[in-house]
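Encoded as structure tokens, the structure appears first; notes follow it.
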Amino acid sequence: MTSVLYDAPGPRAKRRNVLYTVAFLVVLGLVAWWFLGVMAEKDQLTAEKWSPFVTDSEVWTTYLIPGLTETLKAAALAIVIALPLGALLGIGRLSDHAAVRTVAGTVVEFFRAIPVLLLMVFANEAYSQYTDIPSDDRPLYAVVTGLVLYNSSVIAEVVRAGVHSLPRGQTDAAKAIGMRKGQTMTNVLLPQAVTVMLPALVSQLVVIVKDTALGGALLGFNELLSQNRQITANYGANTIATMTVIALIYILVNYLLTSFASRLERRLRRAGKSGGAVLGADAMEETETMGGPGLHAEEARAG
């Protein structure tokens, strides 16, 4: 028996797969045993390292919850600004006007090429030199600015690739009934492209949440991860325990975000607003490689 992607394994191959699986689990168990042994030697598994997160509410009220609040505040501000800005830049890259395409493409490629941490540092220095923003608020402004500049450029590429992934017949049908380019984009293409783009957009939103930690590492932004220093200083150098709890909080937040997006995608698909495809990273790269910023204009001229 065969499938489209591979030949179904026979009896020998199935036995080999079972042996490989057992061997992998044994090796994984040995690595975990060694790792736990090292942690035990360093007294990182003792109850006093982990109990504050269960018995002392001040760990949460003084450090973790305020840090999580700052993380979510910065991420929410960046998402609210980056999504519409990225959509505008993406639509700009699809414009039939060369000047609009050039300006939008230059902005996108420029900020997409710069590390987000460097954008945060530049923003922090700019706010320090040319604005009256208080020093306590400056890290938040710098983090949000860096996240917006970088992620709006990435979202612009997601929008462009999502629209390009739709069947050409959608545009032709809109032209046939006399719709203008703007009407076609807002009433036909973008509504269908939403569910196509949603997986890639959610991945980028998760990146935004995690990248807030860069501000805490360099700019003194009091986000969730930066609270590790305060907790370990006050609760007996419990770095492993603190990092584990913080990691679990990040996992929970991002899981809630992706779960919400999955429910939204299913609802949109049931409402009939899907273009029938799902855009991932591979599709974006293929669109960038094959199409480039002038693809839409070439299609329009061909039509």
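Since every read-out is calculated from the coordinates, none of them should be taken as a lab result. Quantities reported herein were computed from a predicted structural model and do not represent experimental measurements. Here the Cβ positions follow ideal geometry from the backbone for every residue, glycine too, while neighbour counts run over all protein chains shown.
Take the alpha carbon gyration tensor of segment 13-128, find the square roots of its eigenvalues, order them as a ≥ b ≥ c, and report rounded if a/c is under 1.5; if not, report prolate when a/b exceeds b/c, else oblate. Provide the component values of the computation, followed by the final result.
Details: a/c = 3.27, a/b = 1.54, b/c = 2.12.
Oblate is the answer for segment 13-128, as a/c is 1.5 or above yet b/c matches or exceeds a/b.
With angles folded into 0 to 90 degrees, how steeply does helix 239-270 sit against the dominant principal axis of the chain? Use alpha carbons for both and round to 10.
The answer is roughly 30 degrees.
Take R269 and S135, extend 7 Å from each Cα along the Cα→Cβ direction, and tell me the distance between the two endpoints in nm.
According to this spin-label approximation, the distance is 5.3 nm.
Where does each of W60, W50 land when they are ranked from fewest to most other beta-carbon atoms within 10 angstrom?
Working: W60 15, W50 18.
The most exposed by this proxy come first: W60, W50.
So how compact is the chain: Cα radius of gyration and Dmax in angstrom?
In Å, with Rg to one decimal and Dmax whole: 24.5, 75.
Got a sec? Charge dipole of segment 48-302, +1 on Cβ for Lys and Arg, -1 for Asp and Glu; which of Q230, I240, Y141 is way out at the positive end?
Value computed over the given set: Y141.
I'd like to know which of V188, Q44, V26 lies farthest towards the positive end of the charge dipole of the chain, counting +1 on Cβ of Lys and Arg and -1 on Cβ of Asp and Glu.
Toward the positive end, the furthest listed residue is V188.
Between A176 and A126, what FRET efficiency comes out of the Förster formula 1/(1 + (r/R0)^6) with R0 = 41 Å and r the beta carbon distance, rounded to 0.05? Each step should come with its number before you reach the end.
Details: r = 50 Å, r/R0 = 1.21.
Once rounded, the FRET efficiency stands at 0.25.
Can you compute the charge dipole magnitude of segment 119-171 about its Cα centre, using +1 on each Lys and Arg Cβ and -1 on each Asp and Glu Cβ, nothing else charged? Give it in debye, rounded to the nearest 20.
On the way: 3 positive and 5 negative charges, 92 e Å.
Once rounded to the nearest 20, the dipole reads 440 debye.
If I fit a long axis through the Cα atoms of helix 281-290 and take the longest principal axis of the Cα atoms of the chain, what angle between them do I get, 0 to 90°, rounded to 10?
40
Hey, if you put +1 on the Cβ of every Lys and Arg and -1 on every Asp and Glu Cβ in the chain, which of L219, A173, M197 ends up farthest toward the positive end of that dipole?
Looking along the dipole axis, the top candidate is A173.
Rounding to the nearest 10 and keeping the result within 0 to 90°, find how far the Cα-based axis of helix 138-164 lies from the longest principal axis of the chain.
So the helix axis and the longest Cα principal axis differ by about 40 degrees.
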